[in-house]
Amino acid sequence: MISPDLSGAEFRKSSLSGGGNNCVEVAANLPGLIAVRDSKNPSGPALTFSLTAWNNFLTGIRSGEI
């Protein structure tokens with residue numbers, strides 16, 4: 001499997017996190033891709049999702065399915 005190029009990813013975390021380091025960070029500026037990483041390990045691996053998969057995940061959270 002080829003890993004996507006995340007060198008241009010602009011990761012951010014929720015303003016509701018209170019500035020702590022026990023958060024996930026999300027990069028939504030990549031074409032056709034969402035990347036998620038652990039804020040405690042920013043140089044570590046990131047999970048990547050298609051836009052469809054990410055939107056389905058968010059819809060599930062908002063509806064209480066997840």
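Below, the figures for the structure above:
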{"item": "CD proxy at 222 nm, helix term only [per DSSP H run n ≥ 4: -39500 (n - 2.57); per residue of the chain; nearest 500]", "result": "-6000 deg cm²/dmol"}
{"item": "Distance (nanometres) between label positions extended 7 Å along Cα→Cβ at Asp5 and Asn22", "result": "3.8 nm"}
{"item": "Hull shadow area, averaged, the chain [alpha-carbon convex hull, nm²]", "result": "5.3 nm²"}
{"item": "Cα centre as origin, Lys/Arg/Asp/Glu Cβ charges: the chain dipole, Debye", "result": "140 debye"}
{"item": "The chain - percent relative contact order, Cα under 8 Å, separation 6 or more", "result": "21 percent"}
{"item": "3J(HN,Hα) from dihedral phi, region 44-50, Karplus parametrisation 6.51/-1.76/1.60, rounded to Hz, x for glycine, proline", "result": "x, x, 10, 8, 10, 9, 5"}
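Every number in this text was worked out from the coordinates using simple rules, so none of it is lab data. Treat the numbers as computed from the prediction; the structure is a model and nothing was measured. Cβ sites come from the backbone with ideal geometry, for glycine too, and all protein chains shown count toward neighbours.
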